[in-house]
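Everything below concerns the one structure shown next.
The values are calculated or read from the model by the stated rules, or taken from the named source; none is laboratory data. Owing to the predicted nature of the structure, the values given are computational and were not obtained by experimental measurement. Using ideal geometry, Cβ is built from the backbone for each residue, glycine included, and neighbour counts are taken over all protein chains shown. Only protein heavy atoms, including side chains, enter the accessible area calculation; ligands, DNA and RNA are left aside. Shrake-Rupley method; radii C 1.70, N 1.55, O 1.52, S 1.80 Å.
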Amino acid sequence: LQLQILSAPRGILNCSRQWGKSTVSALKALYAATSLPNQTVLVVAPTQRQSAELLRRCRAFPAARAAQGVKASRHELAFPNGSRILAVPSSGDAIRGFSAHLLIIDEAARVPDSLYQSLTPMLAATAGQLWLLSTPNGPRGFFHQEWTDSREPWLRILAPATSCPSRISPDFLERERRKAIRRGQLTTFEQEYLCEFKDTG
């Protein structure tokens, strides 16, 4: 699975909460920045804190710590080969003007459609890669549309909590499911853990 994510130019990861998507996307960003020179990797999330957290995960990998001459700040990693990873919030005015070789949109289901439309032109001149990562947020928005539109050439990866028992235990999931049933919130459980696009109201 990680090899698919590293090598595919366009992908959608529809995954459970706590599946590890931020770690996987951080690895993708770091691989892109270190494997080729002069690459601009843009990581976008709904808030600056979320995008900065993904950058922090990049810095934690040995490849980033061991490289000589890496310059790190809270919102940028700059490498000696001229590549850089930038972490930005989902604000169209703040990120206009970039060209990206790799664009990663984390928590994509919670990023506004208008921002998505302003982000994709950043890949036009570079023929860059695009990855969307998120837990569903109802049957709406660009994340749902891209996931369900079979005419678009995406690598689509479904990763429910049940697919990673070593990280999210079956006992925990069963407790959460029973609690959701008791509280009349089964659709929320199905969305958060089973990656189903549910209208939770």
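What the table shows:
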{"quantity": "Selection from segment 100-110 of residues that are open to solvent by 10 Å² or more (accessible area, probe 1.4 Å), under 21 Å from GLY138 (Cα atoms) and not charged (D, E, K, R)", "calculated": "ALA109"}
{"quantity": "LYS179 more than 30 Å from ALA33 (Cβ to Cβ), open to solvent by 20 Å² or more (accessible area, probe 1.4 Å), touching a helix residue (DSSP H, G or I) at 6+ places or on another chain (Cβ under 9 Å) and outside any loop (DSSP other than H, G, I, E, B)", "calculated": "yes"}
{"quantity": "So LEU158, is it under 14 Å from the mean Cα position of the chain (by Cα), more than 16 Å from SER51 (Cβ to Cβ) and assigned to a strand (DSSP E or B)", "calculated": "yes"}
{"quantity": "Filter result for ASP199 (modelled with pLDDT of 95 or more and open to solvent by 60 Å² or more (accessible area, probe 1.4 Å))", "calculated": "no"}
{"quantity": "Pair list, Cβ < 9 Å and 6+ apart or interchain, from segment 50-64 residues that are without any contact (Cβ under 8 Å) to a residue 40 or more places away in the chain and more than 13 Å from PHE79 (Cβ to Cβ) to residues that are of a type in the set (D, E, K, R) and open to solvent by less than 10 Å² (accessible area, probe 1.4 Å)", "calculated": "GLU53/ASP106"}
{"quantity": "Qualifying residues in segment 60-99 (those that are open to solvent by less than 60 Å² (accessible area, probe 1.4 Å) and part of a helix (DSSP H, G or I)) - the one modelled with the lowest pLDDT", "calculated": "GLY92"}
{"quantity": "Flag for GLN117 being open to solvent by 30 Å² or more (accessible area, probe 1.4 Å) and modelled with pLDDT of 95 or more", "calculated": "no"}
{"quantity": "Set GLU192, GLU174: member being surrounded by fewer than 18 Cβ atoms within 10 Å (Cβ to Cβ) and among the acidic types (Asp, Glu)", "calculated": "GLU174"}
{"quantity": "Residues of segment 23-59 satisfying the condition of being closer than 23 Å to LEU115 by Cα, among the hydroxyl-bearing types (Ser, Thr, Tyr) and surrounded by fewer than 21 Cβ atoms within 10 Å (Cβ to Cβ)", "calculated": "THR40, THR47"}
